[in-house]
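**Student:** Mind having a look at this structure? Questions to follow.
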Amino acid sequence: MGAWVPSFDEAWRRPGATPAQLRELEASISAPLSAEELGRLDRDRTALPSDPRGWCLPSGPLPRSYLDLLAWSNGGEFLSGERRFQFLSTAELRTEMLSYRVPAHMPGMLPIGLNGSGTLYFLDIDCQIGGEAPVLAASASDLGTDPDQCWQIAASLPDACAGTIGVDDLRQA
């Protein structure tokens, strides 16, 4: 069986991640916060909801479909119908995860991109079934796991990429 390759109406691809970049990403996701990262976060303590030393970073393996996507395009922007994806690259992911304070607000979630209108896409790494993680969304300005803060887009990344309805239109009021 070959690697999954997404299909989009429009694609602004970047060169795919190398196997070394993918290994580095997998190792870095759950790595403890470095002194440099803690220093950056400590400089802006007023915006921290809790002590970063206690944050729960995503710990499960990355879904094969997500690794396939990154190998196909390491970041980039894509459109399917009304659904827009601005995927984070392997180099951006950890920095963005920490700058949005995702581990404090949404433990176990991995931000993978934005929709271009202030909504973040996440993989729920801790809830994988059959090697696939559900894809959720939340407003970048109101992160949290309560139903009024985040909503499920699809049961897997391939399903999320195949969808054509704008992610914000899927939010239940």
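The values are calculated or read from the model by the stated rules, or taken from the named source; none is laboratory data. The structure displayed is predicted, hence computed values, not measured ones. As a convention, Cβ positions derive from the backbone with ideal geometry for all residues, glycine included, and neighbour counts pool all protein chains shown. Ligands, DNA and RNA are excluded from the accessible area calculation, which covers all protein heavy atoms including side chains. Shrake-Rupley method; radii C 1.70, N 1.55, O 1.52, S 1.80 Å.
**Student:** Pairs please, first residue from the range 127-139 and in contact (Cβ under 8 Å) with a residue 12 or more places away in the chain, second anywhere and among the small types (Gly, Ala, Ser) and open to solvent by less than 30 Å² (accessible area, probe 1.4 Å), Cβ atoms under 6 Å, 6+ apart in sequence or on different chains.
**Tutor:** Gln128/Gly60; Glu132/Ser156; Val135/Ala154; Val135/Ala160
**Student:** Being in contact with a helix residue (DSSP H, G or I) (Cβ under 8 Å, 6 or more places away or on another chain), among the hydroxyl-bearing types (Ser, Thr, Tyr) and farther than 17 Å from Val167 by Cβ: is that true of Thr90 here?
**Tutor:** Yes: the conditions hold for Thr90.
**Student:** Okay, moving on. Limited to the range 128-153, what total is found for residues that are surrounded by 15 or more Cβ atoms within 10 Å (Cβ to Cβ) and within 19 Å of Pro61 (Cβ to Cβ)?
**Tutor:** 6
**Student:** I've got another one for you. Given Pro15, Pro107, Pro49, Pro32, which one is surrounded by fewer than 17 Cβ atoms within 10 Å (Cβ to Cβ), assigned to a loop (DSSP other than H, G, I, E, B), at pLDDT 95 or above and of a type outside the set (D, E, K, R)?
**Tutor:** From the options Pro15, Pro107, Pro49, Pro32, the qualifying one is Pro15.
A quick yes/no check of all residues on (1) over 13 Å from the mean Cα position of the chain (by Cα); (2) without any contact (Cβ under 8 Å) to a residue 60 or more places away in the chain:
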site: Ile29; (1), (2): no, no
site: Leu38; (1), (2): yes, yes
site: Arg53; (1), (2): yes, yes
site: Cys56; (1), (2): yes, yes
site: Gly60; (1), (2): yes, no
site: Trp72; (1), (2): yes, no
site: Gly75; (1), (2): no, no
site: Ser89; (1), (2): no, no
